[in-house]
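As structure tokens, the structure follows; a few thoughts come after it.
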Amino acid sequence: MRKPRVLVLRPVDHAGVLAARLQTIGMDPVVVPAVAIHPPSSWEDVDAALGRLASYDWVLFTSASGVSMFFARRRAQEIAGPLPAAARWAAIGPGTAAALLAEGVDDPWVPSRYLGETAGTELPASPGQRVLRICGETASPVATVRLRGRGIVVDEVVAYRTVEAPPESDSLLRHAWSEGIDAVVFTSASTVRGFVRLAQRVRIDDKIGGVLIVAIGPVTADAVREMGWQVDAVAPQHSVDGIIQVIEERRTTLAGHATS
């Protein structure tokens, strides 16, 4: 009997943690990137933000991709010395916080729920303070809107572009589907959009109803439903831990699907 096969749609560079955790609970992760992370169309805004980093009270990252691209650019610009001592650092969730820790940022702040609106409401900044928000080109503006509504000055800087449905994933998805997929994990609205386009290109979009669909959080779940698909589970914690929890809870269903 084969292990249940779980489709992971994150970019290759960011899929490792989820794939490894799935293996530890007896699943067979299949990585097919529905999105690819590319540099911004221009580094001008990132370079300017790096030059004035000491002027900010907070630096808020809303994805691990933003962390990796921002710090990679800092190294490319050969900016030496420690990070500004006065600035505090914030992450949208534990994955982003782990990426900051790996870059030498101690104890980044994380909101109680891993959502943009929660970060915008709970970030312990005061009116008049300055926040640098590092994000992707298609990021939701909700965190910035809420922060500005509290009288906080926010500069948004795009550190990467998310390219949906990269062509190199067509053959990967076609092969993965032919081998059998028992669950699909969506970790962002962009992975939903990217997967839809991939599925249409390889002509499996009418076959999604037969697999378990898991969403990392409510925004992602809404994106799935907008495509006309049923969401079977939403992670209670909007993180890898939450995804693993809901998949473990459905272990019996997945095992039965894998043998059918």
Region 202-260, residues that are in a loop (DSSP other than H, G, I, E, B), among the charged types (D, E, K, R) and free of Cβ contacts under 8 Å to residues at least 12 places away in the same chain
R203, D205, D206
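Return yes or no: is A54 farther than 20 Å from T138 by Cβ, within 17 Å of the chain's Cα centre (by Cα) and outside any loop (DSSP other than H, G, I, E, B)?
Spelling it out, it is not the case that A54 is farther than 20 Å from T138 by Cβ, within 17 Å of the chain's Cα centre (by Cα) and outside any loop (DSSP other than H, G, I, E, B).
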Kindly provide the set of residues from region 64-96 that are more than 17 Å from the chain's Cα centre (by Cα), aliphatic (A, V, I, L, M) and over 21 Å from A125 (Cβ atoms), ordered by number.
A72, A76, I79, A80
When the residues of region 113-137 are narrowed to those that are in contact with a helix residue (DSSP H, G or I) (Cβ under 6 Å, 6 or more places away or on another chain) and not in a strand (DSSP E or B), which ends up surrounded by the fewest Cβ atoms within 10 Å (Cβ to Cβ)?
E117
Go through region 142-171 and give me each residue that's within 28 Å of V12 (Cβ to Cβ) and not hydrophobic (A, V, I, L, M, F, W, C).
E156, Y160, R161, T162, E164, P166, P167, E168, S169, D170, S171
Going through region 1-38 one residue at a time, which ones are in contact with a strand residue (DSSP E or B) (Cβ under 6 Å, 6 or more places away or on another chain), within 18 Å of A99 (Cβ to Cβ) and in a helix (DSSP H, G or I)?
L18, A19
Would you check if E117 is touching a Ser or Thr at 6+ places or on another chain (Cβ under 7 Å) and in the same structural domain as R88 (by TED's automatic domain parsing)?
no
Of everything in region 136-148 that's at pLDDT 95 or above and not aliphatic (A, V, I, L, M), which residue is nearest to S190 (Cα to Cα)?
T144
Out of the residues in region 138-180 that are within 30 Å of G210 (Cα to Cα) and of a type in the set (A, V, I, L, M), which is surrounded by the most Cβ atoms within 10 Å (Cβ to Cβ)?
L173
Would a scan of region 13-23 turn up a residue that is surrounded by fewer than 20 Cβ atoms within 10 Å (Cβ to Cβ) and not assigned by TED's automatic domain parsing to the domain that holds V192?
no
Condition (residue is over 23 Å from A235 (Cα atoms), among the polar types (S, T, N, Q), part of a helix (DSSP H, G or I) and touching a residue at least 60 places away in the same chain (Cβ under 8 Å)) applied to region 181-193: is it met by at least one residue?
no
For region 80-92, check the following and say yes or no: at least one residue is assigned to a helix (DSSP H, G or I) and either surrounded by fewer than 17 Cβ atoms within 10 Å (Cβ to Cβ) or among the polar types (S, T, N, Q) (or both).
no
Residue check, A99 buried (at least 17 other Cβ atoms within 10 Å of the Cβ) and over 30 Å from S178 (Cα atoms):
yes
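Right, V196: of a type outside the set (G, A, S), assigned to a helix (DSSP H, G or I) and at pLDDT below 95 or not?
Taking the combined requirement at face value, the residue does not satisfy it.
The values are calculated or read from the model by the stated rules, or taken from the named source; none is laboratory data. If you're wondering where the values come from, they're calculated on a predicted model, not measured in any experiment. Every residue, glycine as well, gets a Cβ built from its backbone with ideal geometry; the counts of neighbours run over all protein chains shown.
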